[in-house]
Every structure is written in structure tokens, then in C-alpha cells.
Amino acid sequence: MKEKKKSDLSILLEYAGNYKRLTFLGMTLSGIAMVLGMLPYICIWLVARDLIAVAPDWTKATEVGKYGWMAFAFAIAGIVVYFAALMCTHLAAFRTASNIRKQGMKHLMKAPLGFFDSNASGLLRNRLDGGAAETETLLAHNLADIVGSATMFIGMIVLMFVFDWRMGAACLMAAVISVGAMFTMMGGKNAKIMQEYQAAQDYMSKAGTEYVRGIPVVKVFQQTVYSFKAFKEAIEDYSKKAEHYTGDICRGPQAVNLTFTEGAFIFLVPVALIIAPGALRSGDFAGFVTNFAFYAVFSAIVSTALARIMFAASGMMLASTALGRIATIMDAPVLKITDKPIEPKNNSIEFKDVSFTYDGADVPAIDHVSFRVEPGQTVALVGPSGGGKTTAASLIPRFWDVTGGSVLVGGVDVRDTDPHVLMDKIAFVFQNNRLFKASIFDNVRASRPDATREEVKRALSAAQCDDILLKLPQGMDTVIGTEGTYLSGGEQQRVALARAILKDAPIVVLDEATAFADPENEALIQKAFATLTKGRTVIMIAHRLSTVVGADKIIVLDNGHAVEEGTHEELKNKGGMYSRMWADYNQAVKWRISAGEVM
Ligand code: ADP
Ligand code: MG
């Protein structure tokens, strides 16, 4: 566990960059501040010695005032230096957090687009932002306090030998017992139990989020809260682990810890009583009383030191989980960009023995798939849900990079082209092609920022969006999602098509949406498709087989395998998967028509 802490810290200091020095300066100053803070106790000892030496004729104690002022000066100096220390560490902490954010963003910029499909961007931002903020406590306070507490311990040991080691040892003994109790709670096999307890807490909060997300489903299906078994079990598991950890494991040690932290003098008084007779006999009873006065006052700072260690330990743990969250971002895959980009020769697409497995998946989503699309051809990918159609399509614009084989555009491996050139060549409309909260004009123009208003308007017309523009209060300039201007799924799809049409790219990748099958929209979407795909190389994922009948080639993907390939006519009567899909499709159409007749 110690090793892990160390590496966490070095990771954090790596992010600090040049501000590492400022952190070290702050830590050093914190140590100095602690020494300054201990000097007044020595002044108190000097005052006590002076007073006791002249007792009971107090007027003879001439140096007392001087020592008093010195104590005051040291105390003030200690506070000032501690402030300076915190200024250094805070500055370093803020810079480090901002470095973490910057590096995280920079790294995310290089991640393949597909990464953002599997990881919601809001979640990523939260992780990065929250993680960076949580490292601040460690850097700004805990590190300085750790140095301070260490200095204090060394100081305590030194002072123990300087005055009276027996009474010093008595004070230290209480501290040692407290620390020992603290470590029993956190060390050894209890460390594992504590980790389990924290993991249960994490899991509970995750399950809670899932639960809140699922509320609509619960309402719609009239389920009780017990249908969310995972959440209920997570709470119960957490409560069991929390009770075990806090009750069975921490109760005893924590009681000991608090007792000896607050009662550091508990051994001092008995020890003083034991050595008092000896001091009387030796004749230096004044010295004994002086030392006792010193340790009685001094024992008070022991609890401060211990409390700080506690905070530092919890700060370390917080920072450790924060770094874990940041690491998930810094470990995001990176799209490799070639140094010597090759220009694609034409607009063909070829899959050469392509395999692709998602991170963390056991089975490949695409398994040794090969096919070729000549320039200007339209190829349809069909097959059952989960067959790998969307995955195959997303390999073309490098949303992901293949794990085996290669995807070629214009005869060149997509990994050997300049990503900008590749992106310029391909227009894609994906199922989850959400529109952003901006005007329709801006949404469409996003694919070609230099397009004029006239061009955007033409693209919208070509995508059959005229009726949408007519019903919106500010036409093309209406901001989507404000003042009740929401678009239906089919309407959104058409706006996304307008965006692709405006891009005017020679290759089009279409992942048609299934959910928006109202006949009116369907007809309009078909028209928009026709405009978009005319004269281009097209890869189309169609859920309504009516769309694919005219395709130059149909590829049936099932479980990541290309199980059939051919034209509609070739596949229709082959007796394979496609002919079954075709039969099902016709059945569904018949149902729809007869349902229409009944109404
Ligand atoms: P289709 O589009 O044909 O319905 P997909 O390409 O979406 O199929 O999915 C193929 C397989 O890959 C499925 O088993 C699916 O669960 C898995 N899959 C899809 N997207 C992801 C993702 N982002 N992360 C992990 N697995 C995924
Ligand atoms: Mg899909």
C-alpha cells in the first residue's frame, strides 16, 4: 500500500511540472513554520525556569518579559511562514489541477471519435474536472501538513532528550499509542476491508445513478422500487460493510486513538509523580518543576500533530481515487497519425479481412470481414441487431481503428492517410447523430463552416426540410431545444442529412435510424437519401429493406461475420438469412397496410 501511495504522489508531481519546485518550497516552509511554532514552548520553559529560580520573590525575574516577547515573535513568525507555505502550495495545487485539465483535454482530442460514443462526454468532463479538483486538497494542504507533522515529531523527540527524557517519553508514549491505533484501523488486513468498504460505497453511488436514470421505466411499467434489485442490494451491501468496518474494526482502535490524542498528558502525571522524590533528593527540584510545566503545556500540541496526520492520510486516499479517475482519461486510446500521409487515389472502399473487438469485449464485433465498394457504387449492410453493421461503418472514418486486417479508402489504408483528408472525403450520418443546441443554420453549417446562407438553405431543401423551417418561429435561425422547439426523430434525421448533403463529400456513410418509421417522414427521408447518395460511393445501413432493393451489393452481417453477399435478386431466393429477412419484412409491411385499412 505504501508503494502505491508513493507512486500516486509522483504521478501528481509529474502533472505539477515546473510547479513541483513551488510545492517543495511550500513543504520546506511548512517545516520551518513548525519549528518556529515550537520555539515559544522553549520560551515558556525559560520563563518557568526564571520564575522558579527566584520564587517566591518574583520581582527578581528580570528576563521574563524578554522571553515573553520572544515567544510572541516566534509564534507570529511561525504563522506568517505557514501562510507563505500555504500560498506556495496553493499556487502549485491550482496550477497542477489546471495542468491535469489541459493534459486531459489534449489527450481526449487525440482519442478516436468512437471513444466518445462509449463514454458520454459529460461523464468524461466530470471525471477530469472533479478529479483535478480533488487533487487540490492533497497538494494545497496535506503535503505541507505531512512535512509539518514530521517536523513536529522530530522536534518532539529532540525536545524529549533536551529537557527530561523520562517526561518526554511519557508524552511521546501517548502519541505512539494513538498512531498505533490509527494504523490498526488502516493497515494490514484491515486495509483490504477498508478498500472493500470504499468500493461498496462507490458501487452504491453508481447503482443510485442507474436507479435515477431508470425512474421513467419504473413509472411506465408500474414497478415497485424492489425491481431495482441492484440498487437495493448495493445499499444493503454497503450498510453491512460499513457496520463491519466502523463497528467491528474501528470502534476499539478509534476509542484508544481519541483517548490518547486528547489526553497526551495521561502518562505525564504518573511519571512525574514517580520521579519527583528522586528530584527532591538530588536537590534540583526547581528544574524538575520547570520541566514538568514545559511538558504539561507541550503535550497539548501532540493532539494537533496527530489530527493533522489523520487529515493527511485521508487526503492521500482522496487523491488516490481522484488520480484513478483521471487515469481513465489519460489511458483513453489515441488515434495514431501517420508522418507520411498518402493521398487516397479514388473513392472506393475496401474491407480486407477486417476484425475489430471493442475494448473489454470478449468476442469480436467484426470478424474477418472482406468486401469491396467500387467508386460510385452503393453497398448496403443488413442483418440482425448487434450484427456489427454500425461498427463496420464506423471503422471507415476511423471512429475506431481495426484490430486486424485493414480498411482501405481509395486504395490506401485509412491509417496511412491524413485524418483531415479522410474526414473531408466522407460524410456520415449516424443513428446517434445528435444535433447540438444551436440554430438549425449552425447545425447544418457545421459540416462546412465556410458555406453561405444560400448554400445551407439549398441543402435543407434537398434534405426535404422545408416543412420544418416553415413551422419554426425563426425559420433556419431557430435554436433547437429552446422555447418548445423540439424536432421529432425523423425531423432530426433530415436535418442531419442536410448537414451531410452540404458537406458534398464523395463518400457517404449512412446508418439509418429505425425508430422514426412514420410513413410521412419515411417518404421524405427516402427523397433526401436519394439526393445525398446520387453519384457517390455509398455504404448504407438500412433497416427497411425497401431501401436496399436497388443497392449494387448487399452484405449480410451476423455476429460480426459477413454471411452473405450479393444483389437483392441473388439473395432473395437463396434460402439464407437475407431471404428470411425479406419474408419477415414483407409480412411486417402487410400488417401495416392492413392496420391502415382497419383505421
Ligand atoms: P448493429 O449496428 O448491427 O446493430 P453494432 O455494430 O452496433 O451492431 O454492434 C455489434 C456488437 O458490438 C454488439 O455485440 C454490440 O453489443 C457491440 N458494441 C457496439 N458498440 C459498442 C461499444 N461502443 N462498446 C462495446 N461494445 C459495443
Ligand atoms: Mg447499428
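The values are calculated or read from the model by the stated rules, or taken from the named source; none is laboratory data. None of the values given here were measured: they were computed from a predicted structure. Cβ placement follows ideal geometry from the backbone for every residue including glycine, while neighbour counts extend to all protein chains displayed. Just the protein is used for accessible areas: all its heavy atoms, side chains included, with ligands, DNA and RNA removed. Shrake-Rupley method; radii C 1.70, N 1.55, O 1.52, S 1.80 Å.
With the convex hull built on the Cα atoms of the stretch 365-426, state its orientation-averaged projected area in nm².
Details: hull surface 17.8 nm².
Convex hull of Cα atoms, orientation-averaged projection: 4.5 nm².
Taking all protein chains in place and a 1.4 Å probe, what share, in percent, of the accessible surface of the chain do carbon and sulfur account for?
Numbers: 19100 of 31020 Å².
On the chain, the fraction of accessible area on carbon and sulfur atoms equals 62 percent.
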Using alpha carbon centers only, the stretch 293-319 is separated from the stretch 96-128 by a whole-angstrom value of 38 Å
In deg cm²/dmol, rounded to the nearest 500, the helical mean residue ellipticity at 222 nm of the chain, built from -39500 (n - 2.57) for every DSSP H run of length 4 or more, is -21000 deg cm²/dmol
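Evaluate the stretch 349-590: find the radius of gyration of its Cα atoms, find its Kirkwood radius, and give the ratio Rg to Rh.
Details: Rg = 18.2 Å, Rh = 18.7 Å.
For the stretch 349-590, the value is 0.98.
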Inter-part gap, Cα centre of the stretch 525-552 to Cα centre of the stretch 6-72, in whole angstrom, is 79 Å
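Report the extension gain between residue 437 and residue 544 in nm, rounded to one decimal, defined as 0.36 nm multiplied by the number of residues separating them, less their alpha carbon distance.
That pair, residue 437 and residue 544, stretches by 35.6 nm at full extension.
Take every Cα pair under 8 Å in the stretch 349-590 that's 6+ residues apart, average their separations, divide by the length, and report that relative contact order as a whole percent.
26 percent
Counting pairs of alpha carbon atoms under 8 Å apart in space and at least six apart in sequence, what relative contact order in percent does the chain give?
Working: 851 pairs, mean separation 81.3, N = 599.
Computed value for the chain: 14 percent relative contact order.
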In nm, the gap between the two label points placed 7 Å beyond Cα toward Cβ at residue 304 and residue 87 is 2.1 nm
Distance in nm between residue 191 and residue 563 label points, each 7 Å along Cα→Cβ, equals 5.2 nm
Stretched fully, the stretch from residue 504 through residue 450 gains (0.36 nm per residue minus C-alpha distance, one decimal, in nm) 18.2 nm
The Rg/Rh figure for the chain, Cα atoms and Kirkwood Rh, to two decimals is 1.19
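Hey, what did the stretch 10-330 get for relative contact order, percent, Cα under 8 Å, at least 6 apart? Can you show the working numbers first?
Details: 342 pairs, mean separation 89.3, N = 321.
Averaging sequence separation for qualifying contacts and normalising by length gives 28 percent for the stretch 10-330.
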Taking Cα atoms only, helix 188-213 is inclined relative to the longest principal axis of the chain by an angle, in degrees rounded to 10, of 40 degrees
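Taking 0.36 nm per residue of sequence separation and subtracting the Cα-Cα distance, how much length would be gained by fully extending the chain between residue 522 and residue 477, in nm to one decimal? Provide the component values of the computation, followed by the final result.
Numbers: separation 45, 0.36 × 45 = 16.20 nm, distance 2.50 nm.
Residue separation times 0.36 nm, minus the Cα-Cα distance, leaves 13.7 nm.
Can you give the % of DSSP beta bridges in the chain that are antiparallel, to the nearest 5? It would help to have the intermediate numbers written out before the result.
Numbers: 18 of 35 bridges.
Bridges in the chain are about 50 percent antiparallel.
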Computed over the chain, protein heavy atoms only, probe 1.4 angstrom, the accessible area per residue in square angstrom equals 52 Å²
In degrees rounded to 10, the 0-90 angle between helix 20-54 Cα long axis and the longest Cα principal axis of the chain is 20 degrees
Counting only DSSP loop positions in the stretch 425-464, the chymotrypsin sites (Phe, Trp or Tyr not before Pro) whose Cβ has at most 14 other Cβ atoms within 10 Å are 436
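Do the alpha carbons of any pairs in 189/240; 192/229; 425/534; 457/534; 206/437 sit beyond 22 Å of each other, and which pairs? Intermediate results must be reported in sequence, preceding the final value.
Values: 189/240 18 Å; 192/229 26 Å; 425/534 15 Å; 457/534 19 Å; 206/437 28 Å.
Cα-Cα > 22 Å for 192/229; 206/437; rest within.
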For the residue 403, residue 72 Cβ pair and Förster radius 51 Å, calculated FRET efficiency rounded to 0.05 is 0.10
